[in-house]
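All remarks here apply to the structure that follows.
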Amino acid sequence: MQHLEPRPTTLERQSHTLAGKRIILIGGTSGFGFATAEKAASEGAQIVIASSRQERVDSALKRLPDSTEGYRVDLTSVEQVNTFFDQVGSFDHLVFTAGETLQIGELAVTTLEQAKQFFNIRFWGAFMAAKYGSRGIRAGGSIVLTNGLAGLRPQKGWSVMASICGALEALTRALAIELAPIRVNLVCAGFVKTELWSNVPESDREEMFANAARQLPVGRVGEAEDLAETYLYLMRQGFSTGAMILVEGGGLIA
């Protein structure tokens with residue numbers, strides 16, 4: 001009687017490394033995105049970064065492997081986003097971390113134009129990236145978007161921020177259904193040290209970090225590398241979609 005070897009399970013066949021994968025990181029020139037690009041590159045992934053500022057693209061390329069591709073893309077322009085994805089061709093994973101510093105303001109003093117402007121990159125930029133990028137994603141690929149905590153724990157003056165966060169949560173779940181079997185997930189970041197705080201004077205910034213650390217159960221604020229591990233996890237494993245992972249040091253329970 002012929003002895004048949006057991007067939008490998010789906011999990012056994014699945015690769016848990018990003019080696020050889022082509023990853024596009026929109027917003028990959030700084031903060032979470034750059035940290036993710038560095039870690040993915042160290043595993044042997046081929047990296048493509050994009051940002052709306054050429055100087056940031058040039059700076060990031062100097063710190064990443066020579067094989068890294070870099071593009072300047074206006075994330076508020078339908079034409080440029082569409083053309084960008086036409087240029088880069090097929091790939092495995094899309095990570096969207098782009099976003100400018102949000103200005104907190106109460107409803108009474110926030111103009112409609114200001115509110116619309118805040119949505120341009122964080123929501124509509126992510127929407128366009130998914131719309132035009134999804135057509136180039138290879139089998140087994142994924143999209144990972146980025147969010148904050150404002151929608152889960154809003155405070156006074158955060159109406160616009162909370163609205164964007166709530167919209168991104170809903171978008172993630174809807175895309176996970178519409179784009180299946182492409183996986184679509186969301187990383188929800190808490191208080192993390194990144195370049196977004198660079199407009200705060202250094203002494204004030206350090207005091208702000210120290211105060212935040214004392215309030216968090218983990219006893220420290222986050223680092224970009226903490227978030228990068230989560231993006232890599234969501235790209236590596238193939239059984240999560242429509243999910244939101246909180247990386248916030250226990251801020252929601254503090």
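Across segment 1-21, which residue is modelled with the lowest pLDDT among those that are in contact with a strand residue (DSSP E or B) (Cβ under 9 Å, 6 or more places away or on another chain) and surrounded by fewer than 20 Cβ atoms within 10 Å (Cβ to Cβ)? Steps first, answer last, please.
Let us first name the residues in segment 1-21 that are in contact with a strand residue (DSSP E or B) (Cβ under 9 Å, 6 or more places away or on another chain), namely 14-15, 18, 20-21.
From what's left, surrounded by fewer than 20 Cβ atoms within 10 Å (Cβ to Cβ): 14-15, 20.
Numbers: Q14: 49, S15: 56, G20: 96.
Filtering first and then ranking leaves Q14.
With the requirement that a residue be closer than 19 Å to I177 by Cβ and of a type in the set (A, V, I, L, M), what does segment 103-127 give you? Before you say what the answer is, go through the steps one by one.
Filtering segment 103-127 for residues closer than 19 Å to I177 by Cβ gives 123, 126-127.
If the condition is that a residue be closer than 19 Å to I177 by Cβ and of a type in the set (A, V, I, L, M), then A126 is the only one that fits.
Can you tell which of E38, E100, E69, E55 is open to solvent by 50 Å² or more (accessible area, probe 1.4 Å), in contact with a Leu (Cβ under 9 Å, 6 or more places away or on another chain) and more than 20 Å from N120 (Cα to Cα)? First the steps, then the outcome.
Working: E100 fails: more than 20 Å from N120 (Cα to Cα); E69 fails: open to solvent by 50 Å² or more (accessible area, probe 1.4 Å); E55 fails: in contact with a Leu (Cβ under 9 Å, 6 or more places away or on another chain).
None of the others qualify; the one that does is E38.
Filter segment 139-174 down to the residues that are among the β-branched types (V, I, T) and over 17 Å from the mean Cα position of the chain (by Cα) and list them by number.
We begin by selecting, within segment 139-174, every residue among the β-branched types (V, I, T); these are 143-144, 146, 160, 164, 172.
Of everything in segment 139-174, just one residue is among the β-branched types (V, I, T) and over 17 Å from the mean Cα position of the chain (by Cα), namely V160.
Only one of these is open to solvent by 40 Å² or more (accessible area, probe 1.4 Å) and out of contact with any Cys (no Cβ under 7 Å at 6 or more places or on another chain): S240, S203. Name it.
Numbers: S240 fails: open to solvent by 40 Å² or more (accessible area, probe 1.4 Å).
Residue meeting the stated conditions: S203.
Considering only segment 193-205, I want to know if a residue exists there that is among the aliphatic types (A, V, I, L, M), in contact with a strand residue (DSSP E or B) (Cβ under 9 Å, 6 or more places away or on another chain) and under 26 Å from A45 (Cβ atoms).
Going residue by residue through segment 193-205, those that are among the aliphatic types (A, V, I, L, M) are 196, 200.
Within this subset, residues satisfying the condition of being in contact with a strand residue (DSSP E or B) (Cβ under 9 Å, 6 or more places away or on another chain) are none.
No.
Restricting attention to segment 151-190, which residues are open to solvent by 50 Å² or more (accessible area, probe 1.4 Å) and more than 26 Å from E106 (Cβ to Cβ)?
Correct list: R173, A174, I177, E178, A180, P181.
Taking segment 176-233 on its own, how many of its residues are under 30 Å from R135 (Cα atoms), touching a Ser or Thr at 6+ places or on another chain (Cβ under 8 Å) and in a loop (DSSP other than H, G, I, E, B)?
3
Go through segment 68-122 and report how many residues are within 19 Å of L186 (Cβ to Cβ), modelled with pLDDT of 95 or more and part of a helix (DSSP H, G or I).
Here the count works out to 0.
Identify the residue in segment 77-97 that is open to solvent by 50 Å² or more (accessible area, probe 1.4 Å) and touching a helix residue (DSSP H, G or I) at 6+ places or on another chain (Cβ under 7 Å) and, among all such residues, is farthest from Y233 (Cα to Cα).
Residues of segment 77-97 open to solvent by 50 Å² or more (accessible area, probe 1.4 Å): 78-80, 83, 86-87, 90.
From what is left, the residues that are touching a helix residue (DSSP H, G or I) at 6+ places or on another chain (Cβ under 7 Å) are 78, 90.
On the way: V78: 30, S90: 21 Å.
Out of the qualifying residues, it is V78.
Give the residue that is farthest from G250 (Cα to Cα), with candidates limited to residues of segment 142-175 that are among the small types (G, A, S) and part of a helix (DSSP H, G or I).
Filtering segment 142-175 for residues among the small types (G, A, S) gives 142, 148, 150-151, 157, 159, 162-163, 166-167, 170, 174.
If we keep only those that are part of a helix (DSSP H, G or I) too, we end up with 159, 162-163, 166-167, 170, 174.
Details: S159: 22, A162: 19, S163: 22, G166: 20, A167: 23, A170: 23, A174: 27 Å.
Ranking the candidates gives A174 first.
Taking segment 28-66, which residues are assigned to a loop (DSSP other than H, G, I, E, B) and either under 22 Å from S90 (Cβ atoms) or hydroxyl-bearing (S, T, Y) (or both)?
In the first step, residues of segment 28-66 are kept if they are assigned to a loop (DSSP other than H, G, I, E, B); the result is 28-30, 43-45, 52-53, 64-66.
The answer is G28, T29, S30, E43, G44, A45, S52, L64, P65, D66.
With the structure loaded, tell me whether E248 is loosely packed, with under 15 Cβ neighbours inside 10 Å, at pLDDT below 95 and under 18 Å from the mean Cα position of the chain (by Cα) or whether it fails that test.
Numbers: loosely packed, with under 15 Cβ neighbours inside 10 Å: no; at pLDDT below 95: yes; under 18 Å from the mean Cα position of the chain (by Cα): yes.
Against the criterion (loosely packed, with under 15 Cβ neighbours inside 10 Å, at pLDDT below 95 and under 18 Å from the mean Cα position of the chain (by Cα)), E248 does not qualify.
Hey, among the residues in segment 103-140 that are open to solvent by 80 Å² or more (accessible area, probe 1.4 Å) and basic (K, R), which one's farthest from L234 (Cα to Cα)?
Here the residue is K116.
The values are calculated or read from the model by the stated rules, or taken from the named source; none is laboratory data. Owing to the predicted nature of the structure, the values given are computational and were not obtained by experimental measurement. Please note: Cβ atoms are built from the backbone with ideal geometry, for glycine as well, and neighbour counts cover all protein chains shown. Areas reflect the complete protein model, heavy atoms only, side chains present, ligands, DNA and RNA absent. Shrake-Rupley method; radii C 1.70, N 1.55, O 1.52, S 1.80 Å.
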